[in-house]
Amino acid sequence: MTVKADIDFQKDLFEAANKMRGSVAPADYKHYVLPLIFLRYLSNKYEKRRKELEQIVKDPKSDWYTEDDEMRQIIITDPDQYKAENVFVVPEEASWSYIMKNAKQPNIKEILDNAMKRLEEENPELEGILPRIYQGSNLPPENVAGLIEIFSRDVFSANTDDSVDILGRTYEYFISSFAASEGNRGGEFFTPSSIVKLLVAMLEPKSGIVFDPACGSGGMFIQSEEYAPNKHALSFYGQENVVTTVRLGKMNVLLHGINAEIRLGDSLLNDQFPDLKADYVIANPPFNQKDWGADRLSKNDPRLIGPVTNSNANYMWMQHFLYHLNDTGTAGFVMANGAMTTNVKEEKEVRQKLVDEGYIDCIVQLPEKLFFTTGIPCCLFFLSKNRDGKNGYRARKNEILFIDARKMGTLVSRKQKALSKEEIDQIAAVYRAYKYEGAERYEDIAGFCKVATIDEVRANDYKLTPGIYVGTEVSNEDDVPFEEKMAELTQRLLEQFEESNCLQEKIKRDLEELM
């Protein structure tokens, strides 16, 4: 199967960025671009549903069939006909066709702000999501017209199979391409799709509550919903610390027909879901967050199982995830590699507790270059509360599964790798065989996966790097390239022919002497 890069429409996005150069700070480009794409998606979906209704009212086989033109019009414009299909009502002055028709008008910025206002008026659930920022910006009207022209292209339509999380990918592009103005925060907002798919394939969310307390653009929710066999069997809750990112996340999940409750606030210092217990926690928290405010935490904070340090929030995030799991829940999340071996006193103490108390279920070390925005190597941690041998799970409280996936991944661009579907399936299959009772028998594979006992981990000073446990890969003859192997065999055959010729000459001479 072909492995694709996360973004394959850079040319269009670069052109869009050029339209804003000099008028808007590069770090703010995304705030002007994404609402336009969102507007176009809402409009496309509305038009598609409207055409369906126009067909239905004319179809004699349909329950909605009528020959009364007035009644037809009532049905076609009934908001409930759209809401029932998770489609938002788009008034004429907010439709993409209207925006396109008026793109070159001198008051196009006012028209856009009014379109956002009218959408919110027609759809109260969109309140606070759609910004009215165009009229107050320095963007020249002709450049706004240029943006509208770019986002009228097919690649930004909602009609292609590749449109999943397109907002998130667009967002990542603007963060990564203008990183100088964003610092190293790019990876906080968007997780590459192959990592999201791997987390979801391992967690297997099928029903219950999914919680992402660092939800960014909402990609984890979208992939979870896509994975679940029954639609709307999952409930989604998320928290995010940046207003504009909350807005982005809400736009993104709505585009995919998901109703997620996303709240604004700092998850570590202002937990907006203090009583929430989830079946699945799935997250990509900020890596190695310094000066995050550890001194503001109460010593009696119910989330704490050990100390915290203000020099790095990694282990505070882990305690936050663990606290929000219900009695059988599992958390899967991305971490910087340093978390596997840190010797910082407070962090190591929490790591020891997580190991000793049997919460760490699996560690996956990932290949480098998976993130578009940062070269920081990373891994996946899985914490679980279903390790006691109940409800179909295998008893594994005294074990940890280590997977070394560093050799996996394919370069999909000059500086980014992605995991293929086959690689994701391989890793997820190993995890399933390890955690389920009666599943396909699990076997260690030298150099790739190994189930280590808690005692082995203790003997290695609680270090969690998979490479320590999985050992060296067994050499496989079949790994030798064909050309190299053929040349070696040909040479050996020629030597054997030569030896055979010599033996024939010798036998011939011996026979002649006997004669």
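The values are calculated or read from the model by the stated rules, or taken from the named source; none is laboratory data. Keep in mind that this is a model prediction, so the values were computed, not measured. Methodologically, a virtual Cβ is constructed for each residue, glycine included, from the backbone with ideal geometry; neighbour enumeration extends over all protein chains shown. Accessible surface areas use protein heavy atoms only, side chains included; no ligands, DNA or RNA. Shrake-Rupley method; radii C 1.70, N 1.55, O 1.52, S 1.80 Å.
So the values come out like this:
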| item | result |
| --- | --- |
| Selection status of ILE175, under 30 Å from ALA84 (Cβ atoms), outside the structural domain of ASP404 (by the TED database), open to solvent by less than 40 Å² (accessible area, probe 1.4 Å) and at pLDDT below 70 | no |
| Flag if LEU119 is open to solvent by less than 30 Å² (accessible area, probe 1.4 Å), among the hydrophobic types (A, V, I, L, M, F, W, C) and at pLDDT 80 or above | yes |
| Filter result (surrounded by 15 or more Cβ atoms within 10 Å (Cβ to Cβ) and of a type in the set (Ser, Thr, Tyr)) within the stretch 275-299 | TYR280 |
| Options LEU13, LEU53; residue that is open to solvent by less than 20 Å² (accessible area, probe 1.4 Å), touching a helix residue (DSSP H, G or I) at 6+ places or on another chain (Cβ under 6 Å) and modelled with pLDDT under 85 | LEU13 |
| Filter result (buried (at least 22 other Cβ atoms within 10 Å of the Cβ), part of a loop (DSSP other than H, G, I, E, B) and at negative phi) within the stretch 205-250 | PRO205, PRO213, ALA214, CYS215, SER217 |
| Hits in the stretch 258-269 - residues which are open to solvent by less than 40 Å² (accessible area, probe 1.4 Å) and in contact with a helix residue (DSSP H, G or I) (Cβ under 8 Å, 6 or more places away or on another chain) | ILE258, ALA260, ILE262, SER267, LEU268 |
| Verdict on VAL200 being part of a helix (DSSP H, G or I), at pLDDT 85 or above and either within 24 Å of MET316 (Cβ to Cβ) or open to solvent by 40 Å² or more (accessible area, probe 1.4 Å) (or both) | no |
| Counted residues, the stretch 56-80 - those being hydrophobic (A, V, I, L, M, F, W, C), out of contact with any Leu (no Cβ under 9 Å at 6 or more places or on another chain) and open to solvent by 80 Å² or more (accessible area, probe 1.4 Å) | 2 |
| Residue tally, condition at pLDDT 90 or above, touching a Ser or Thr at 6+ places or on another chain (Cβ under 7 Å) and open to solvent by less than 40 Å² (accessible area, probe 1.4 Å), over the stretch 399-423 | 2 |
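Table: residues versus (1) within 29 Å of HIS256 (Cβ to Cβ); (2) within 31 Å of the chain's Cα centre (by Cα); (3) β-branched (Val, Ile, Thr).
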site: LYS58; (1), (2), (3): no, no, no
site: MET71; (1), (2), (3): no, no, no
site: ILE75; (1), (2), (3): yes, no, yes
site: TYR82; (1), (2), (3): yes, yes, no
site: VAL89; (1), (2), (3): yes, yes, yes
site: ASN114; (1), (2), (3): yes, no, no
site: SER137; (1), (2), (3): yes, no, no
site: PRO141; (1), (2), (3): no, no, no
